[in-house]
Amino acid sequence: MPRKIAGAIDKSRAQRKPRAVAPQLLAAPTAVVRYQNGTFTIDAGGGRTTAVKSDDPRLAAVLRLFAAPADPEAAIAASGIDRVFAKRAIALLRQIGALAPAGHKTRTVARERHVQNRSAHLLTELATAAYLLAGDILAFDEATCHALAGQAGIGTANRIEALVGQLEMLQSEFDRYRQNFIASHLKALGIRRGARGLKVNVGCGKFPIPSWVNIDLYPAELPVSLRWGLPLPDGSAEYVFMSHAMEHLYHPGESLAIAREIYRVLQPGGRARIVVPDFEKWVNAYAERDADFFEGRKAITPMASRGTWMEQLLIYCGSGEGAHPTYFFGHKVGFDFETMRNLLKRAGFTSIERSDYMASRHKALRVDQHSHVAHAEFEGGRYSLFVEAERPTRARSKKRS
């Protein structure tokens with residue numbers, strides 16, 4: 001072969017684009033297969049309304065090929081399913097979202113903040129649907145439920161169980177990420193297993209305290225759900241500050257659990273400062289028809305200061321609008337000093353005492369100004385209840401036992 005021609009061939013080969021490798025496919029975790037009156041129906045779930053229907057059982061068999069990531073050509077060859085049918089079925093399943101490229105980042109798992117907000121909004125719709133469905137199921141008689149099951153080809157309980165299974169599967173997927181997620185943030189903060197003398201701000205919201213470990217939902221520097229507990233070593237904290245977060249937990253189950261977590265992470269002799277709405281003041285203001293009290297709240301939380309005084313009071317104690325199943329992060333309970341003292345005592349604390357704004361006997365805990373709501377005042381008084389408690393020293397624990 002002449003040298004010029006051989007060179008041109010080599011150059012052409014070098015410029016030729018490499019053949020694209022077909023991506024592996026994976027069945028969507030939300031895909032649902034239903035069989036009714038001789039017809040298979042497959043939809044992707046996740047809010048999609050399109051579906052594929054067929055009386056050929058091979059349709060479900062094709063979807064089953066991709067229970068784990070698989071190359072389409074290899075999967076078809078190994079299955080023995082007619083190649084033409086299988087390729088047509090794969091195209092249809094991909095079109096409705098029941099099949100997707102393995103490792104493909106869909107909108108539902110993207111990291112953008114607006115997608116997180118969209119997911120949270122969908123959960124509120126789910127909570128509303130479950131609330132309404134519960135009423136319907138309990139209102140209809142057994143004959144109607146039986147007729148519905150016959151029409152759908154599956155009982156109501158089985159369908160609900162499938163939905164619960166989907167949610168549990170999604171929850172387990174998030175659980176697998178939790179340990180590494182927390183570990184990476186602890187490493188970034190320089191918090192090691194043997195950490196000591198920490199100052200921890202639990203439920204910091206938009207007001208982190210400089211030089212403290214600030215914990216809350218994302219985008220806090222240590223983003224966690226308080227329902228996970230506190231991801232800190234035993235006895236690692238000298239002080240814990242928690243302002244206007246305890247009332248957002250169900251009482252006494254969740255509130256006691258986080259109180260025990262605060263006790264656990266405190267060193268012996270360490271102190272916790274808990275700030276919550278002072279519900280006793282709310283009740284007294286309502287009984288005494290104190291207009292200044294309620295008017296003053298409007299400047300602090302306008303959205304929660306609508307309606308009658310009773311409606312506002314109910315919101316702050318975890319009833320009224322705040323009790324709606326979609327209001328995930330509203331108030332769940334109202335605290336007075338006696339209720340808070342009993343809660344902290346059950347968690348193991350001693351030396352439980354009422355305090356006041358910026359009035360801690362410990363300089364490090366005079367941080368109330370960092371909490372917008374704790375700072376709120378009316379007629380020289382505060383809307384909040386300030387409580388401090390101590391984890392007893394080992395000597396005291398032995399003496400008491």
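A few comments on the model shown:
Here is a yes/no grid of residues against (1) touching a Cys at 6+ places or on another chain (Cβ under 7 Å); (2) not in a strand (DSSP E or B):
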position	(1), (2)
PHE174	no, yes
LEU186	no, yes
ASN214	yes, no
TYR218	no, yes
ARG227	no, yes
GLY269	no, no
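- Region 379-401, subset of a type in the set (Ser, Thr, Tyr) and exposed (fewer than 14 other Cβ atoms within 10 Å of the Cβ), residue modelled with the highest pLDDT: SER397
- Scope region 334-378; condition in contact with a His (Cβ under 6 Å, 6 or more places away or on another chain) and exposed (fewer than 15 other Cβ atoms within 10 Å of the Cβ); matching residues: GLN369
Yes/no matrix, rows are residues, columns are (1) assigned by TED's automatic domain parsing to the domain that holds HIS121; (2) under 25 Å from SER119 (Cα atoms); (3) at pLDDT below 95; (4) polar (S, T, N, Q):
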residue: ALA304; (1), (2), (3), (4): no, yes, yes, no
residue: GLY307; (1), (2), (3), (4): no, no, yes, no
residue: SER319; (1), (2), (3), (4): no, no, yes, yes
residue: PRO325; (1), (2), (3), (4): no, yes, yes, no
residue: PHE337; (1), (2), (3), (4): no, no, no, no
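- Spans of strands (runs of 3 or more DSSP E) in region 23-75 with at least 2 residues farther than 16 Å from ALA86 by Cα: 32-36, 39-43
- The criterion of being surrounded by fewer than 19 Cβ atoms within 10 Å (Cβ to Cβ), among the charged types (D, E, K, R) and part of a loop (DSSP other than H, G, I, E, B) does not hold for ASP292.
- Looking only at residues in region 239-256 that are surrounded by fewer than 18 Cβ atoms within 10 Å (Cβ to Cβ) and more than 17 Å from the chain's Cα centre (by Cα), the one that is nearest to TYR316 (Cα to Cα) is HIS251.
- Of the residues ALA195, ALA147, the single one that is in contact (Cβ under 8 Å) with a residue 24 or more places away in the chain and either part of a helix (DSSP H, G or I) or touching a Leu at 6+ places or on another chain (Cβ under 9 Å) (or both) is ALA195.
The values are calculated or read from the model by the stated rules, or taken from the named source; none is laboratory data. This is a predicted model, so every value here is computed, not measured. Don't worry about glycine lacking a Cβ; one is built from the backbone with ideal geometry, like all the others, and counts go over all protein chains shown.
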